[in-house]
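Undergrad: Take a look at this one; I'll ask things after.
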Amino acid sequence: MHLGLEGKRALVTGASQGIGLAVAKGLAAEGVEVALSARTATTLEAAVSALRALGGRAVGIPADVSRPDEIARLLTRVREELGAPDILVVNAGGPPAGTPTALSEAAWAKAHELTLMSAVRLADGVLPAMRTARWGRIINITSVSVKEPILNLTLSNALRAAVTGFAKTLSVEVAADGVTVNNVAPGYTATERLNELFEDAAARARLEASIPAKRFADPAEIAAAVLFLASVPAAYITGQTLVVDGGATKGVH
Ligand SMILES: NC(=O)c1ccc[n+]([C@@H]2O[C@H](COP(=O)([O-])OP(=O)(O)OC[C@H]3O[C@@H](n4cnc5c(N)ncnc54)[C@H](OP(=O)(O)O)[C@@H]3O)[C@@H](O)[C@H]2O)c1
């Protein structure tokens, strides 16, 4: 299938490693000019250099997407250095773990800014130009926790569900303008973050064995779903969540 993305422009947040970097690389390989963002300038620059070494066109713009002022500055710089994005991929680190009764008001407020409001503010920032152009793709990276809540990940369970509800509602509002809004929900994916969490080889092996595919996802496999939803042929798919989990989620909806 020809994705038809040559010459488009994309903003990918949380793009210095893991799933975000795989998405940025995948888009660049399709001829998309990519603005990568993350908080840490050094790792971000290394990611941009890696993309350029592969022949991709990329710029790096540091920003913390949990902060409205930094999102505003990021969007201004993207417009100056790249032009208005045709594709927005909203990604960042996940909120911290915690059981429902163990979380402070401050932890809820922080996770709300990081996970929900980043998606709202980034979409708000890119939508006017997408609607004028009558073409746009917004894709949020969420988690399988939107299908089956993961015990102990209360903030992720609650706020990714909120992102899903926001995306569905937004998708209806902008559908007639040629803009689609979807989510990709990864299962366990072999990123730097997962490797840190599972230093214990036995625990890692048990977890992998519990997945029908018997392995973690490669970040490029999550990126493949994002690329498809960003593509020209995916124009009629909107308001959806595409789960990429090696068969781990048991429900059918
Ligand atoms: N890996 C999995 O198994 C898995 C499964 C389901 C869902 N997810 C979700 O998918 C997302 C990506 O996962 P991952 O494993 O690729 O994570 P990761 O390896 O920890 O990478 C996270 C990326 O986001 C950036 N980031 C973190 N906080 C940020 C912030 N406030 N503002 C801007 N950038 C920020 C990080 O760079 P800086 O630290 O420099 O900012 C990094 O580039 C996460 O939300 C995660 O919860 C992952």
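Undergrad: Out of everything in region 41-72 that is β-branched (Val, Ile, Thr) and surrounded by 13 or more Cβ atoms within 10 Å (Cβ to Cβ), what residue ends up being nearest to Leu114 (Cα to Cα)? I'd like the intermediate steps shown before the answer.
TA: Of all residues in region 41-72, those β-branched (Val, Ile, Thr) come to 42-43, 48, 59, 61, 65, 71.
Filter again for surrounded by 13 or more Cβ atoms within 10 Å (Cβ to Cβ), leaving 43, 48, 59, 61, 65, 71.
Working: Thr43: 20, Val48: 23, Val59: 23, Ile61: 18, Val65: 6, Ile71: 11 Å.
Once the filter is applied, the top-ranked residue is Val65.
Undergrad: Name the pairs: first residue in region 153-178 and aromatic (Phe, Trp, Tyr), second residue away from the ligand (no atom under 14 Å from the Cβ), Cβ to Cβ under 7 Å, at least 6 apart or on different chains?
TA: Listed by first residue and then by second, the contacts come to Phe166/Val120.
Undergrad: Out of Asp200, Asp177, report the one residue that is surrounded by 13 or more Cβ atoms within 10 Å (Cβ to Cβ) and more than 10 Å from the ligand (Cβ to nearest atom).
TA: Details: Asp200 fails: surrounded by 13 or more Cβ atoms within 10 Å (Cβ to Cβ).
Going through Asp200, Asp177 in turn, just one is surrounded by 13 or more Cβ atoms within 10 Å (Cβ to Cβ) and more than 10 Å from the ligand (Cβ to nearest atom): Asp177.
Undergrad: Here's something else I'd like to know. Out of Glu148, Glu208, report the one residue that is in contact (Cβ under 8 Å) with a residue 60 or more places away in the chain, open to solvent by less than 70 Å² (accessible area, probe 1.4 Å), more than 29 Å from Ala29 (Cα to Cα) and out of contact with any strand residue (DSSP E or B) (no Cβ under 8 Å at 6 or more places or on another chain).
TA: On the way: Glu208 fails: in contact (Cβ under 8 Å) with a residue 60 or more places away in the chain.
Just one listed residue meets the conditions, Glu148.
Undergrad: Within the set of pairs 6+ apart or on separate chains, which have a first residue in region 22-44 that is closer than 20 Å to Ile222 by Cβ, a second that is within 7 Å of the ligand (Cβ to nearest atom) and assigned to a helix (DSSP H, G or I), and C-beta atoms under 6 Å apart?
TA: Ala22/Pro219; Ala38/Leu44
Undergrad: Residue under question is Ala235, and the condition is that it be open to solvent by 40 Å² or more (accessible area, probe 1.4 Å), more than 15 Å from the ligand (Cβ to nearest atom) and modelled with pLDDT of 95 or more; does it hold? Step through it out loud before you land on a result.
TA: Details: open to solvent by 40 Å² or more (accessible area, probe 1.4 Å): yes; more than 15 Å from the ligand (Cβ to nearest atom): yes; modelled with pLDDT of 95 or more: yes.
Against the criterion (open to solvent by 40 Å² or more (accessible area, probe 1.4 Å), more than 15 Å from the ligand (Cβ to nearest atom) and modelled with pLDDT of 95 or more), Ala235 qualifies.
Undergrad: Confirm whether Arg160 is among the charged types (D, E, K, R), within 12 Å of the ligand (Cβ to nearest atom) and either surrounded by 17 or more Cβ atoms within 10 Å (Cβ to Cβ) or at pLDDT 95 or above (or both).
TA: Details: among the charged types (D, E, K, R): yes; within 12 Å of the ligand (Cβ to nearest atom): yes; either surrounded by 17 or more Cβ atoms within 10 Å (Cβ to Cβ) or at pLDDT 95 or above (or both): yes.
When the stated conditions are applied, Arg160 passes them.
Undergrad: Exactly one condition in (1) on the phi > 0 side of the Ramachandran plot; (2) open to solvent by 20 Å² or more (accessible area, probe 1.4 Å); (3) of a type outside the set (D, E, K, R) is not met by Gly98; state its number.
TA: For Gly98, the exception is condition (2).
The values are calculated or read from the model by the stated rules, or taken from the named source; none is laboratory data. Predicted, not measured: the structure shown is a model, and the values here were computed from it. We place every Cβ from the backbone using ideal geometry, glycine too, and count neighbours over all the protein chains shown. Side chains included, ligands, DNA and RNA excluded: accessible areas come from the protein's heavy atoms. Shrake-Rupley method; radii C 1.70, N 1.55, O 1.52, S 1.80 Å.
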